[in-house]
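Below is one structure, written out as structure tokens; comments come after it.
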Amino acid sequence: MKTKFITLLLFTLTLLTGCKLDKSSDSNNDSGAKKDENSFKITLDVIVKKDDDFCIFYTEDGSADFTKIEPIWIKVIGNENSQKVQYNLPEEVYPTQLRLDFGINKIQENIILNSVTLEYKGKNRVIAGAELGNYFREDDSKCQFDYKTGVITAKTVDGVRRSPSLYPHEDNLGPEILKLAN
């Protein structure tokens, strides 16, 4: 019991000190960053049944070390239907890798990821269906990801739902992101 309490306390402190919610997000699930044609945009087409907070991590140096730059958080309103969740990266930021985190709501149901759209200066790349498995992989300590159906199932450890994350297949996603810059 003491171990569970300490783990929960550490998790809460990490959330409070390490991540801040973007208070400027609007009702369209937009990250609130300056809406500029030169901004890199990532749009998730998802089914999320309960309200939650999602975040996206990115790097600019080609690595998958997501500890260097603070993530962008977005409040997501639960809906039985598919919805778009759009992140606008800060102006002049061009990512080289992406990590997608699918919420912290401990009673969230399975999430369905239909597609990820990457957009920059009028060019876009939609990654959908089974192709999602070529570019993203589950954090298997936190979730299972069926890339063929898009279903993300959070794992439960000691009765506590883990927050699901998808990491990049670095050798595939990095070059795909760079294609938008050319």
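Would you please report the Å³ per residue occupied by the convex hull of the alpha carbon atoms in the stretch 88-133?
112
Full extension from ASP171 to ALA128: what is 0.36 nm times the residue separation minus their Cα-Cα distance, to one decimal in nm?
On the way: separation 43, 0.36 × 43 = 15.48 nm, distance 1.81 nm.
Additional length available on full extension: 13.7 nm.
Figure the gain on full extension for LYS106 and ASN38 (residue separation times 0.36 nm, minus the Cα-Cα span) and round it to one decimal in nm. Numbers along the way, then the final one.
Numbers: separation 68, 0.36 × 68 = 24.48 nm, distance 3.61 nm.
Fully extending the segment from LYS106 to ASN38 adds 20.9 nm.
Compute the FRET efficiency between ASN79 and ASN182 as 1/(1 + (r/R0)^6), taking r as their Cβ-Cβ distance and R0 = 45 Å, and round to the nearest 0.05.
Values: r = 36 Å, r/R0 = 0.80.
It comes out at approximately 0.80.
Quick check: net charge around GLU119, other residues with Cβ under 10 Å of its Cβ, Lys/Arg +1 and Asp/Glu -1?
On the way: positive: LYS41, LYS121, LYS123, ARG125; negative: GLU37.
With Lys, Arg at +1 and Asp, Glu at -1, the neighbours total +3.
I'm checking a number: the convex hull volume of the Cα atoms of the stretch 57-182, normalised per residue, in Å³. What is it? Provide the component values of the computation, followed by the final result.
On the way: hull volume 14.7 nm³, N = 126.
Spread over its residues, the Cα hull of the stretch 57-182 gives 117 Å³ apiece.
If we count every other residue with Cβ under 15 angstrom of VAL48's Cβ, Lys/Arg +1 and Asp/Glu -1, where does the sum land? Intermediate results must be reported in sequence, preceding the final value.
Values: positive: LYS49, LYS50, LYS75, LYS84, LYS106, ARG161; negative: ASP45, ASP51, ASP52, ASP53, GLU80, ASP101, GLU109.
Summing Lys and Arg as +1 and Asp and Glu as -1 gives -1.
All of the numbers you see were taken from the coordinates with simple rules; none came from a lab. These numbers were taken from a predicted model, which means no experiment stands behind them. Neighbour counts run over all protein chains shown; Cβ positions are idealised from the backbone, glycine included.
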